[in-house]
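A short write-up of the structure that comes next.
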Amino acid sequence: MAEKTIQIDSAIFGGGCFWCLEAVFCRVKGVQAVTSGYAGGQMPSPDYRAVCTGGTGHAEVVRVDFDPAEVSYGDLLAVFFAIHDPTTPNRQGNDVGTQYRSVIFAVSGDQQLLAQRAIADLDASGEYADPVVTEVLPASRFWPAEDYHQDYFANNPNQPYCRLVVAPKVDKFRQRFAELQHR
């Protein structure tokens, strides 16, 4: 019996604090790995302290490694847009600064077109009162965040930020995307 070959694609999303995005995307069926990190800046080897100043140009992002036979990039985009506010430039809730901007780093031309189409569709739908400000940029170098940021929600579920900010986003995902959850 031949072993099934899995193709893995990657997507890079920034939508506020990476802890929120990681906690949601790790629950999506077909997602093989989610890594919190930084992208889009000028500083080589950025770290959390430097990125938090807002001066490096990096955004807090997650790299989502997924099996496109199980979940489509379009589905990942739908989740991404549902779990953060794509209409607020450089902010998500109380997290303010360019590092918290809404951004998609497209790793292919197809991803760029799908992201731009998703934004146009959201704007046309009237779902949001304000226009979507999510940037769509070609993928830049991805820098994994420090180890203590990985699996942060899973490792710190009772931390106040996790209870007040991350958990509601996970709950929203569970309610809105039952068909995309791991069984």
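FYI, it's all coordinate maths here, none of it is from the lab. Since this is a predicted model, take the numbers as computed values, not measurements. Reconstructed Cβ throughout: ideal geometry from the backbone, glycine too, with neighbour counts over all protein chains shown.
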message = So if I take the centroid of the Cα atoms in segment 36-102 and the same for segment 6-22, what is the distance between those two points in Å?
response = 8 Å
remark   = Applying the gyration tensor rule to the Cα atoms of the chain (axes a ≥ b ≥ c; rounded if a/c under 1.5, else prolate if a/b exceeds b/c, else oblate), the class is rounded
request  = Return the FRET efficiency for the residue pair residue 42, residue 146: r is the Cβ-Cβ distance, R0 is 25 Å, and the value is rounded to the nearest 0.05.
outcome  = 0.80
query = So what J values fall out for segment 122-134 if you push phi through Karplus, 6.51 cos²θ - 1.76 cosθ + 1.60 with θ = phi - 60°, rounded to Hz, Gly and Pro as x?
reply = 4, 4, 5, 6, x, 4, 10, 5, 10, x, 6, 10, 4
inquiry  = Test of understanding: in a Gaussian network model of the chain with alpha carbons linked when under 10 Å, which of 22, 127, 135 would top the mean-square fluctuation ranking?
reply    = 127
task = Let me know the shape class of segment 43-131, please: from the alpha-carbon gyration tensor, a ≥ b ≥ c as square roots of the eigenvalues, rounded when a/c is under 1.5, otherwise prolate if a/b is greater than b/c, or oblate.
result = oblate
inquiry  = How far apart, in nanometres, would the label points at residue 182 and residue 7 be if each is projected 7 angstrom from Cα along the Cα-to-Cβ direction?
reply    = 2.4 nm
query = Averaged over all directions, how much area does the convex hull of the C-alpha atoms of segment 43-83 cover when projected, in nm²?
reply = 4.1 nm²
inquiry  = I need to check one value: relative contact order of the chain, counting alpha carbon pairs closer than 8 Å and at least 6 residues apart, in percent.
reply    = 30 percent
